Each structure stands twice: as structure tokens, then as C-alpha cells.
Amino acid sequence: MADKPQPTYLKDYVPYPFEVERLDLEFDLEPHHTRVLSRARYKRKEHVDVEEPLRLNGAGQTLLSLSLDGTPLTALDYRCQDSGLVLPNVPNAFELTVVTEIDPEANKALEGLYLSSGNFCTQCEAQGFRRITYFPDRPDVMTRYTTTIRADKQRFPVLLSNGNLVEQCDLDDGRHLTRWEDPFFKPSYLFALVAGDLVCQEDAFTTMSGREVLLQIYVEARNADKCDHAMLSLKKAMAWDEQRFGFEYDLDRFMIVAVDDFNMGAMENKGLNVFNSKYVLARPETATDDDFLNIESVVGHEYFHNWTGNRITCRDWFQLSLKEGLTVFRDQEFSADMNSAAVKRIEEVRILQSHQFAEDSGPMAHPVRPESYVEINNFYTMTVYSKGAELIRMMQTLLGRDGFMAGIRLYVQRHDGQAVTTDDFVAAMEDASGVDLDQFRRWYSQAGTPVIHVEQHYDGERQQLTLDVTQSCPATPGQPDKQPFHIPLRLALLGPDGTPQPLHLVNESGQQGAEELVLSVTAARQKFCFEQVGEGCVVSLLRDFSAPVKLTMNTSRDELAFLMAHDNDAFNRWNASQRLAGGLLLDLVDRVRKGQKLILEPMFVEAFRTSLLDEQTDPSLLALALALPLESFLAEQMEEIDPQAIFTAREFVRHEVAVQLKDDFLTVYRRCADSGPYEVTPQAVGQRRLKNLCLGYLAALAPQDNMIWQMILEQFSTGRNMTDVSAALGLLADHDNRDSRHALDTFYATWKEDPLVVEKWLGIQARSRREDCLEQVERLMGTPAFNLHNPNKVRSLIGVFCQGNSVRFHAADGSGYDFLRRQVALIDPFNPQIAARLVAPLLRWPRYDDTRSALMKQALEQLQAKTTLSADLYEMVSKGLD
Ligand code: PHE
Ligand code: ZN
């Protein structure tokens with residue numbers, strides 16, 4: 001590469017030397033030639049040198065004119081560089097007017113102003129605003145915006161921006177105008193504009209202080225019947241945020257717009273959230289239960305940002321987790337309250353353990369508050385989001401819910417209207433609660449997943465149980481040595497019948513006799529001794545997953561089986577089932593690799609049958625406990641990953657369980673059969689999950705077992721909702737025969753006009769167990785169902801194949817790697833963000849056997865050798881080869 005993109009460092013942060021008192025924007029929208037006029041009032045901050053130039057960010061636009069206090073500037077008055085403008089001699093206070101032209105139609109990076117299905121929309125986080133006009137595009141520059149939009153009235157009847165609508169009128173030549181005023185100070189990344197031919201579903205919400213807020217969801221006309229669930233979710237989120245956090249909405253209207261072309265999930269622009277249509281549109285016939293639940297959670301997430309992100313924002317992008325970690329925590333709590341808390345917690349942890357832990361042990365490992373980045377877009381990661389949310393949760397655990405809420409109130413009281421740091425957040429928590437979080441702060445600065453090892457010793461004579469706890473954390477790039485973390489370890493002692501025993505810590509002055517305790521683990525090695533402990537007690541540790549760590553402990557398989565059946569912490573019951581199944585599977589993987597005969601332990605099948613036939617427990621929890629550990633979870637625990645052996649071992653267990661428990665699966669399948677109208681209640685969702693779990697196991701016997709095969713076909717053709725239909729189709733698509741081809745064709749013919757359903761169809765085929773899966777994927781890429789410019793399509797075909805179909809992607813001949821390399825090279829020139837995300841699986845090459853790792857590395861090297869890499873892809877590839 002000619003010039004290597006340079007990193008930005010946290011330590012180099014300097015405040016912006018000017019204040020921006022206001023910003024007026026005017027847009028004349030034309031797909032190929034949009035004119036943007038921006039008028040900003042700048043004021044030099046006190047104590048800033050008069051020599052200090054004005055620096056503005058800007059890229060990908062044509063500068064038409066520049067004037068200062070009304071006087072046009074000439075080329076001598078400023079320097080125009082690749083990355084922006086520098087004006088060396090500016091007065092202490094002045095108004096700067098910039099006129100630029102941009103080409104939204106040509107914008108396929110989907111950053112800045114672009115067109116999606118013929119409608120204009122913007123995406124400014126993190127640094128997209130600089131593609132719209134020249135401006136200090138950084139989150140600590142906050143100002144008040146007014147936005148005037150002019151466009152052809154017929155093509156673009158709806159013209160939206162942030163805040164309140166203050167003017168609307170018709171112009172000459174069939175054009176019209178709207179003007180919006182946002183009364184709140186905001187950073188440029190929260191600016192939004194939408195213009196298009198959209199219909200709108202309206203509702204209203206009365207806030208706790210009695211203000212009426214207009215709620216609007218804008219979609220293309222063909223989707224008008226798919227907004228009810230998002231609207232309901234929004235109203236629930238608004239009410240919940242008032243009750244749980246005391247946060248009230250602050251504008252007269254709240255708008256959501258759904259677009260088909262979007263790099264991420266959704267965006268919290270002030271008063272005008274823009275969503276990937278996937279997280280808005282749903283009807284039972286087109287969306288699955290998980291889609292419905294995701295919509296609720298994403299609508300909540302973006303709405304919750306209004307306080308945690310918008311009113312209080314980030315000082316710089318290293319602080320991204322300030323808003324994202326906190327807001328993910330809030331959306332998790334919201335979903336937990338709306339549905340089943342235990343189910344939600346298990347799902348979160350399952351994703352964290354398989355994906356965030358993997359990130360933390362790979363070349364992209366970074367702290368929740370990173371120290372440097374080449375391209376900030378590469379840092380919208382599981383670590384910043386999910387691990388960041390775990391840090392907030394740990395603070396709540398350490399402070400207690402009341403202490404935590406006091407911390408939140410102090411945080412808002414101190415920082416409303418400001419751009420702040422994660423340290424400011426922790427300081428508010430400390431000051432409000434009196435709890436010392438000094439050591440806890442290391443969670444923000446040290447990368448890597450801590451490993452806790454616990455040795456238990458029981459002394460029957462003295463009725464004492466000692467837990468000998470050691471912690472360590474593996475080295476990560478740039479951080480060879482780690483200091484001990486402050487780890488909240490929630491635990492209970494279960495008596496032989498499963499009841500929690502009163503806990504008595506030796507040498508503790510505090511409260512004794514509780515049934516559950518949170519130990520603060522702070523040293524590299526620490527012992528905790530409990531007294532009055534009777535014979536046969538079992539320790540239940542890391543309850544509710546009280547810290548994002550890997551826990552190892554000398555627990556026997558019998559103890560695991562006991563916990564799986566009796567722990568009164570639902571998370572730990574699930575965790576015990578995963579540890580048990582995980583241990584068995586890893587043993588089997590080992591046997592596969594050694595070419596030994598595979599046998600399934602009878603105790604496992606029995607434990608499985610007991611759960612399957614349990615009619616008391618929430619069926620969603622059963623379905624989670626009965627699902628085999630994810631391939632990625634097993635891979636994460638292997639020294640050298642063998643995708644083929646993992647696949648073989650899992651398929652063996654799946655088949656063996658199906659053979660031995662066929663009748664039980666059939667019984668439960670029939671018991672959970674669809675009845676009544678579709679509802680997204682925990683009970684109904686749970687029934688469908690358990691039913692489809694049974695069908696998934698039974699499918700291991702088909703198509704040889706024709707009765708089972710017919711059952712799957714039957715569910716596919718008579719299923720009354722997308723959850724059941726797509727579950728059946730997924731099982732059919734694992735095979736190549738007349739029935740499965742017919743099913744895939746029928747499904748496509750029915751839904752080809754609905755892009756979100758077509759995505760499911762692509763995803764199902766990309767996940768297929770068929771050996772020729774890659775061939776199918778390549779074939780599908782050439783059909784009208786696919787579009788390389790649409791991120792959802794790319795994710796559901798290429799992304800699913802490379803990240804969700806491990807055994808086929810890691811084909812020993814390297815065909816999967818070569819495929820991914822070619823696609824990344826094709827996408828990078830027009831959409832670097834998507835290319836950089838897609839390449840991630842190749843970065844894990846050091847974890848595989850010599851043949852695979854050489855091929856993966858080679859694919860990365862071929863990418864590196866290209867002359868024109870985006871900064872996004874450059875950073876990923878070079879970190880992967882470091
Ligand atoms: N801020 C968005 C969210 O989490 C994510 C996002 C980042 C969207 C960057 C677009 C671009 O809620
Ligand atoms: Zn967010």
C-alpha cells in the first residue's frame with residue numbers, strides 16, 4: 001500500500017479549540033447532485049492561542065464556496081486536504097458558510113447521505129457527517145441544529161430530520177420544503193435526514209409528566225402491515241424507561257424509519273431513529289419468534305440511547321462503550337422484564353462465551369475502552385457492546401440495585417448535556433455508593449478473558465469448606481502482563497436436596513447466614529473458608545454469570561448432573577448442562593481425531609430424557625438446556641480447532657440421542673403442536689422452541705426414516721407462521737432431493753418480493769449441511785435473490801456461510817477461504833465496513849491445524865498484497881498477520 005493508514009491514540013486526545021454555537025443546514029436534494037449549505041457560528045474557547053487554526057473534517061465532496069462573515073474566501077485563505085479544511089487565520093468569533101456538492105446515488109458505502117430503494121437517508125455514526133459537509137466531526141463538539149430540506153414533492157413527499165417540524169411549504173417547480181429544529185445540543189454523529197416516498201403508522205405516548213408524544217414509524221407502502229409489533233415495542237420501552245430508570249422522553253415526536261440498505265442494526269439519531277428494516281418489519285407469516293424478540297430489543301436499545309448516548313454522549317470514540325455497554329445493559333434488562341429473565345440471560349451468555357471470548361483470544365483483542373484504532377468502524381465489537389454491558393452489570397452486582405440506581409442518578413445530574421468518558425461514569429457510581437471501584441477500572445483497560453480456577457476442599461471433621469481461588473488473564477496484543485481484576489463471584493451452597501444453605505464465612509464480621517453471597521475476588525490468589533457446612537453440599541458458583549470470565553473448577557460429572565437438576569439458579573442449571581455436554585463432546589471430538597469408536601454415555605442420555613420429559617419447567621429453558629453446545633463454543637475450548645471433528649462428534653450425538661429417544665421426542669413434539677392464534681408470549685414461544693428442537697433431533701433420522709421426513713414436510717407446508725415454516729425448511733435443506741428442492745422453490749416463489757424473507761431463504765441454504773454447500777452459495781450469488789450491494793443479503797449468504805457453517809467454510813482444500821477472499825476483495829472498494837467485518841473468520845488462522853492455518857494465512861496475505869485496501873480492511877488484515 002502507498003500510505004499506510006495511521007492509528008489514532010487515546011492518549012493524544014485534545015479538546016476542540018472552538019465552540020460551535022449553532023449550525024444551520026440546507027439541503028437541495030437530487031440523487032446525483034445534492035447541494036449542502038452549512039452555516040456555523042464558531043467561537044474560540046478561552047485561553048486558546050489566537051494562532052490556532054480552524055480545522056474541519058470533510059471527505060468525498062466537492063467544495064463549491066466558502067465564506068467567512070459573508071465575505072467569500074479564496075484559495076489563499078485555506079488549505080483543502082484529503083481529510084478536510086484548515087483555515088489558518090480566523091477571528092475569535094465568526095460565521096462560516098460552506099457550500100458543497102455530493103453524489104448520494106453513487107454512495108455504496110452507506111455512510112453519509114445515500115439512497116436506499118430510491119429514498120434518501122443518512123448514516124453519520126461514527127464519522128459519516130464529514131461526507132455531508134465540512135465540520136468538526138467529533139462527538140465532543142455539540143451544537144444546536146436546524147435543517148432545511150428541499151426536494152421534488154412527488155418523488156420525495158416525506159422530508160424528515162431531527163427535532164421538531166417548524167415549517168413546511170410548497171416551492172416552484174414541483175419542489176417542497178420542510179424545516180426542522182432540534183432544541184437539544186448534539187454531536188454530528190446523531191444528525192439524520194430522510195427523504196422519500198414513505199407511509200407512516202402513528203400512535204401516541206403520554207409521558208410520566210403528562211406530555212403527549214407523537215410516535216411515527218415510516219416504511220415503504222408495501223410494508224405498511226408490518227409495523228404493529230415495533231410500535232408496541234416502542235411504547236413498552238418508553239414506559240419501562242420511566243419506571244425503571246426515571247428517564248422521560250424529551251421531544252414532541254419520536255420517529256423511526258425502516259430502510260433496506262443499512263450497514264448495522266439501527267441508529268439512535270436524535271428523535272429520528274433509522275433502522276435496518278429487519279428490526280422493524282414483522283408479521284407472523286414473515287418473521288420468526290426470534291425476529292419479534294429482536295425487534296423489541298433493538299427498538300428498546302435505540303430508544304434508550306436517547307438518555308444514554310444522546311443527552312449524555314461520548315467525549316471521543318475510545319469511550320464508545322460509555323453509551324453502547326450501558327445501553328446494551330439497559331436493553332437486556334428491558335427484554336428480561338418483558339419476557340423471561342432467565343432465558344434472556346442464558347442467550348446473552350451463550351453469545352458472549354462463543355463470540356466475545358473468541359474475539360478476546362484473537363488478534364483483534366482490545367480493551368472495552370481501546371487505546372488506539374486505525375478505523376473506528378472496526379471497534380463496534382462484541383467486546384465494546386456485550387462485554388461492556390457485563391461491566392455495567394458487575395457494577396450493579398457490586399453496588400446492589402439501589403446503589404447502582406443512585407449512581408445512575410448522579411451520572412445524569414452531573415453530565416446531562418455533556419460528552420464524557422467511561423471514567424466519569426465509574427466515578428459517579430463510586431461517589432454515589434461509596435464503593436471503591438479503583439481496581440474495577442482495570443476491566444476497562446485490560447483486554448482478554450480472565451480465567452478463574454477454583455479448588456474446593458471439604459473438611460468433614462471441622463465442617464469447613466475452603467475455596468482456593470486463583471485468577472489469571474492471558475496476554476493479548478500489546479498487553480503481555482495483566483493485573484488482577486476485581487471479580488464479583490456470586491455463589492450459594494446447595495444441600496443434598498438442592499436447598500440453599502445459610503453461608504458463614506470464617507473471619508467475617510459482616511452479615512452471616514445469607515443463602516447467596518457475592519465474594520469480591522481481587523487478588524491473584526485468595527482463599528475463602530465457610531464453616532458449618534454439612535456433608536454432601538454442592539457449590540453453585542458464578543451464579544447468573546456474575547462476571548465475564550472462564551471458570552474452571554474440580555467439579556465431578558455427578559455434581560454437574562446434580563446442579564443441572566437442582567440448582568435454584570436457572571442460569572447455572574443451564575450452565576451445568578452445557579459443561580456436562582461440552583465435556584462429553586470434547587471427549588468425543590478427541591476420539592474422532594484418534595479414529596476411535598464413538599459411544600454415548602448412558603448417563604447423558606438419561607439426563608437428557610429427564611429434562612425432555614419435564615413438564616414443569618419453562619419450555620424455552622428446556623430447549624436451551626437440550627441444545628447441544630455451539631460448534632463455536634466447543635472450538636473456543638480446543639487447543640487446535642478441528643472443525644470436521646467437532647461436526648462429526650456433534651452429528652454423532654444428535655443421531656444417537658434421536659435413535660434412543662425417538663418416542664420421547666415424538667411425544668413432546670405432538671404435545672407442543674401449534675394451537676390457537678400466533679402470540680409472542682414466553683409460553684407460546686417456548687412451546688415452538690421445544691417443538692422445533694424435537695424436530696431438529698428427529699431430523700437426524702431422516703430422510704431414511706420416511707415417517708419423520710413426512711412430518712418435516714408437513715410442518716413446512718402447513719405451518720402457519722414463519723418460525724415453524726423456516727425451521728422445517730432448514731431441516732429439509734440439509735438434503736438434496738426432490739422434496740427439498742421443491743420446498744426451496746415453493747418458498748422462494750411465495751416470498752420473492754419480500755427481501756427479509758428472501759434473506760432467510762439464502763441463510764438457510766448457506767447453513768446447509770450439504771457437502772456441496774459452497775457450490776450452492778456461489779450459484780445463489782448469481783441469481784436475482786442476491787445483491788452484493790445490500791449488506792443484509794451479503795450477511796445472510798456470505799456471512800452465514802463463513803461464520804455459521806464452520807465445517808463447510810473450513811473445508812480442508814481451502815475452497816471456503818478462497819471464496820471469502822474473493823468476496824472481500826470485491827466488496828472492499830465500495831463498502832469497506834462490510835468487507836472488514838466479513839474478513840474476521842480468516843484472522844483466527846493460528847488456532848487451526850497446519851494445513852488450514854497455512855491456507856487461511858495465505859488468503860490474508862493475498863488481500864494484504866492488494867494495492868488499494870480501505871483503512872478498515874487494512875487494519876483487520878494487518879492485525880491478522882501481525
Ligand atoms: N449506534 C448504533 C447502535 O448500537 C450502531 C451503529 C453504529 C449504527 C454505527 C450505525 C453505524 O445502536
Ligand atoms: Zn447502541
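The values are calculated or read from the model by the stated rules, or taken from the named source; none is laboratory data. The model shown is predicted, which means the values in this text are computed figures rather than measured ones. As a convention, Cβ positions derive from the backbone with ideal geometry for all residues, glycine included, and neighbour counts pool all protein chains shown.
Applying the criterion of at least 2 residues that are farther than 19 Å from residue 33 by Cβ to the strands (runs of 3 or more DSSP E) found wholly in the stretch 109-196 leaves 143-152, 158-161, 164-170, 175-186.
A quick yes/no check of all residues on (1) loosely packed, with under 13 Cβ neighbours inside 10 Å; (2) of a type in the set (A, V, I, L, M):
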| site | (1), (2) |
| --- | --- |
| 25 | no, yes |
| 29 | no, yes |
| 40 | no, yes |
| 61 | no, no |
| 64 | yes, yes |
| 68 | no, yes |
| 73 | no, yes |
| 85 | no, yes |
| 92 | yes, no |
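Provide a single number: the residues in the stretch 473-498 that are surrounded by 14 or more Cβ atoms within 10 Å (Cβ to Cβ) and either of a type in the set (D, E, K, R) or modelled with pLDDT of 95 or more (or both). Summing the residues that are surrounded by 14 or more Cβ atoms within 10 Å (Cβ to Cβ) and either of a type in the set (D, E, K, R) or modelled with pLDDT of 95 or more (or both) in the stretch 473-498 gives 18. If you go through the stretch 254-266 one residue at a time, do you hit one that is within 12 Å of ligand 2 (Cβ to nearest atom), of a type outside the set (A, V, I, L, M, F, W, C), at pLDDT 95 or above and surrounded by fewer than 21 Cβ atoms within 10 Å (Cβ to Cβ)? Within the stretch 254-266, one or more residues are within 12 Å of ligand 2 (Cβ to nearest atom), of a type outside the set (A, V, I, L, M, F, W, C), at pLDDT 95 or above and surrounded by fewer than 21 Cβ atoms within 10 Å (Cβ to Cβ).
Within the stretch 639-658, one or more residues are part of a loop (DSSP other than H, G, I, E, B), of a type outside the set (Val, Ile, Thr) and in contact with a strand residue (DSSP E or B) (Cβ under 9 Å, 6 or more places away or on another chain). Of all residues in the stretch 520-540, those satisfying the criterion of being crowded, with 18+ Cβ neighbours inside 10 Å and touching a helix residue (DSSP H, G or I) at 6+ places or on another chain (Cβ under 8 Å) are 538, 540. Reported count of residues in the stretch 373-407, each being away from ligand 1 (no atom under 16 Å from the Cβ) and within 30 Å of residue 5 (Cβ to Cβ), is 2.
Going by the structure shown, is residue 152 among the acidic types (Asp, Glu) and either more than 20 Å from residue 254 (Cα to Cα) or surrounded by 23 or more Cβ atoms within 10 Å (Cβ to Cβ) (or both)? In short, yes. Within the set 761, 845, the sole residue that is under 25 Å from the mean Cα position of the chain (by Cα), outside the structural domain of residue 281 (by the TED database) and over 25 Å from residue 359 (Cα atoms) turns out to be 761. Kindly indicate whether any position in the stretch 522-530 is of a type in the set (D, E, K, R), modelled with pLDDT of 95 or more and under 33 Å from the mean Cα position of the chain (by Cα). So far as the stretch 522-530 goes, no, none of its residues is of a type in the set (D, E, K, R), modelled with pLDDT of 95 or more and under 33 Å from the mean Cα position of the chain (by Cα).
Tell me, yes or no, whether the stretch 122-138 has at least one residue that is modelled with pLDDT under 95 and not assigned by the TED database to the domain that holds residue 254. Looking for residues that are modelled with pLDDT under 95 and not assigned by the TED database to the domain that holds residue 254, one finds none in the stretch 122-138, hence no. One residue stands out in the stretch 216-239 among those that are surrounded by 21 or more Cβ atoms within 10 Å (Cβ to Cβ) and of a type in the set (A, V, I, L, M, F, W, C): the one that is farthest from residue 408 (Cα to Cα), namely 219. Screening residue 36 on (1) out of contact with any Pro (no Cβ under 9 Å at 6 or more places or on another chain); (2) over 15 Å from residue 188 (Cβ atoms); (3) not charged (D, E, K, R) shows it passes everything except condition (2). Being within 16 Å of ligand 2 (Cβ to nearest atom) and more than 21 Å from residue 347 (Cβ to Cβ) narrows it down to one of 273, 294, so name that one. Unique residue meeting the criteria: 273.
Of the helices (runs of 4 or more DSSP H) lying entirely inside the stretch 347-437, not one carries at least 3 residues that are at pLDDT below 95, at positive phi and surrounded by fewer than 20 Cβ atoms within 10 Å (Cβ to Cβ).
The set of residues in the stretch 676-704 being hydroxyl-bearing (Ser, Thr, Tyr) and farther than 25 Å from residue 738 by Cα consists of 678, 681. The condition of being more than 21 Å from residue 258 (Cβ to Cβ), more than 18 Å from the chain's Cα centre (by Cα), crowded, with 21+ Cβ neighbours inside 10 Å and modelled with pLDDT of 95 or more holds for residue 313.
Quick one: would you say residue 321 is closer than 30 Å to residue 232 by Cα and within 14 Å of ligand 2 (Cβ to nearest atom)? Considered against the rule, which asks whether it is closer than 30 Å to residue 232 by Cα and within 14 Å of ligand 2 (Cβ to nearest atom), residue 321 comes out as yes. Exactly one residue out of 758, 794, 800 is touching a Gly at 6+ places or on another chain (Cβ under 6 Å) and closer than 19 Å to residue 261 by Cβ: that is 800. All conditions but one from (1) closer than 28 Å to residue 635 by Cβ; (2) touching a helix residue (DSSP H, G or I) at 6+ places or on another chain (Cβ under 6 Å); (3) buried (at least 24 other Cβ atoms within 10 Å of the Cβ) apply to residue 330; the one that does not is (1).
With respect to the stated conditions, residue 263 is within 20 Å of residue 789 (Cα to Cα) and either touching a residue at least 60 places away in the same chain (Cβ under 8 Å) or in contact with a helix residue (DSSP H, G or I) (Cβ under 7 Å, 6 or more places away or on another chain) (or both).
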